[in-house]
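Structure first, commentary second.
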Amino acid sequence: MKFGVIQFSTDEAMHPADLARACEERGFESLFFPEHTHIPTSRRSPWPGGAELPREYKRTNDLFVALSMAAAATRTLKVGAGICLVVERDPITLAKEVATLDSLSGGRVIFGIGGGWNAEEMENHGTNFRRRWSILRERVEAMKAIWTEDEASYHGEHVNFDPIWSWPKPAQRPHPPILLGTGSARGRQRVVEYCDGWMPIAGRDDLEGGIRDLWERAKAAGRSRESLSVTVFGAPPKAQAIAGFDAAGAERVTLWLPPAGPDVCLPILDGYVKLLREVG
């Protein structure tokens, strides 16, 4: 079992470089940051996590700037997107950002992605909420081509470009692992079709049943279990729960830190270290 940390990296939170060093020093495998480019003030889209949207959603640092700071401050810590809103980003530029970060970090990127929930946020980027999944797939497929081919091209409904040159290529081959954050059965089918792992949200998604369903779908598609990983996003800091995720087949669990300073975050990290020793 691998253990990671998640924090909304914001202008009010611990500096990403300081947090990354603290995680690495304590033996954590990875550090994940979520992203939102902005939050429209209309607030029409309901937040899936509850009635009131937390303050940090509108204050996030740019995902790849923050991850670069974290990677530059560490040597072994993996840096993850949890999740990157691919449907709000140009795929050629995004492919360049991911490849550059993976190359410069020595192959330490985990590329978590998702379809997103905030319709008006996407609309500000020119993305139709109802088409987001087909847009996501094409952008992922196009980025894979850019990462793996010397002269990449892609011709789809949403993404269309003739052969291009784009370096650097990622250090990880064929590319950084792509983990899809989703809770539905259709989402798990998407994992099998074009991703490398599933990243369900603890407490919101059916983990045990979902993992069994994922393996069944992988088998039907001719994919091995080894080709797909499961990362539990925001696991409860309880030994019994973590042991249960391990028994169910999860490869990694991630634990939340609040978007706060070191006086708040470091004692929580130390508490997590004691918890993980208990888990063994």
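For the residues A152, A71, A13, a GNM of the chain with alpha-carbon springs under 10 Å puts the largest fluctuation on A152. What's the center-to-center distance, using Cα atoms, between the stretch 226-242 and the stretch 251-280 in Å? The stretch 226-242 and the stretch 251-280 have Cα centres separated by 14 Å.
Could you give the Stokes-Einstein D for the stretch 9-134 in µm² per second, using the C-alpha Kirkwood radius, 20 °C, 1.002 mPa s?
Details: Rh = 15.4 Å.
D = 139 µm²/s.
Ordered by the count of other Cβ atoms within 10 Å of each Cβ, fewest first, M14, M69, M1 give M1, M69, M14.
Scattering from the chain was approximated by placing one identical point on each alpha carbon and applying the Debye formula without solvent; log10 I(q)/I(0) at 0.07, 0.10, 0.16 1/Å stands at -0.24, -0.50, -1.39. Taking a ≥ b ≥ c as the square roots of the eigenvalues of the Cα gyration tensor, an a/c ratio of 1.5 or more together with a/b larger than b/c marks the stretch 58-126 as prolate.
For the residues A119, A235, A250, a GNM of the chain with alpha-carbon springs under 10 Å puts the largest fluctuation on A119.
Tell me what the chain gives for mean residue ellipticity at 222 nm when only DSSP H runs of n ≥ 4 count, each as -39,500 (n - 2.57), the sum divided by the residue total, rounded to 500 deg cm²/dmol. Don't skip to the answer; put the middle values down first.
Values: 9 runs with 109 residues, N = 280.
One gets -12000 deg cm²/dmol as the mean residue ellipticity at 222 nm.
Lys and Arg at +1, Asp and Glu at -1: add these up for the other residues within a Cβ distance under 12 Å of W165 and post the number.
Here the count lands on -2.
Rounded, prolate or oblate: pick one for the stretch 153-280, where a ≥ b ≥ c are the square roots of the eigenvalues of its C-alpha gyration tensor, a/c under 1.5 means rounded, and failing that, prolate if a/b is larger than b/c, else oblate. Cα axes put the stretch 153-280 in the oblate bin. Over all directions, the projected convex hull of the C-alpha atoms in the stretch 224-280 averages 4.4 nm² in area. Screening the chain for whole DSSP H helices of 18 Å or more along their axis (Cα) with average Kyte-Doolittle hydropathy at least 0.0 returns 91-104, 262-279.
If you sort the three axes of the alpha carbon gyration tensor as a ≥ b ≥ c, you get a/c of 1.5 or more for the stretch 145-212 and a/b above b/c, which makes it prolate.
Most mobile of G244, G112, G50 per a Gaussian network model of the chain (Cα springs, under 10 Å)? So, out of G244, G112, G50, the one fluctuating most is G50. When both bridge partners sit in the stretch 2-279, DSSP labels roughly 15% of those beta bridges antiparallel.
Taking the Cβ of C84 as the center, what net charge do the other residues with Cβ under 12 Å away carry, scoring Lys and Arg +1 and Asp and Glu -1? Every neighbour counted, the sum reads -2. Annotation for the stretch 60-122 versus the stretch 4-42: alpha-carbon center distance of 12 Å.
Please enumerate, by chain and number, the lysines with C-alpha under 18 Å from the C-alpha of K144, excluding those fewer than 8 residues away in the same chain. Reachable lysines: K96, K169.
Readers should treat all values here as calculations from the given coordinates under stated rules, not as data from a laboratory. What you see is a predicted model, and the numbers here were worked out from it, not measured in a lab. Methodologically, a virtual Cβ is constructed for each residue, glycine included, from the backbone with ideal geometry; neighbour enumeration extends over all protein chains shown.
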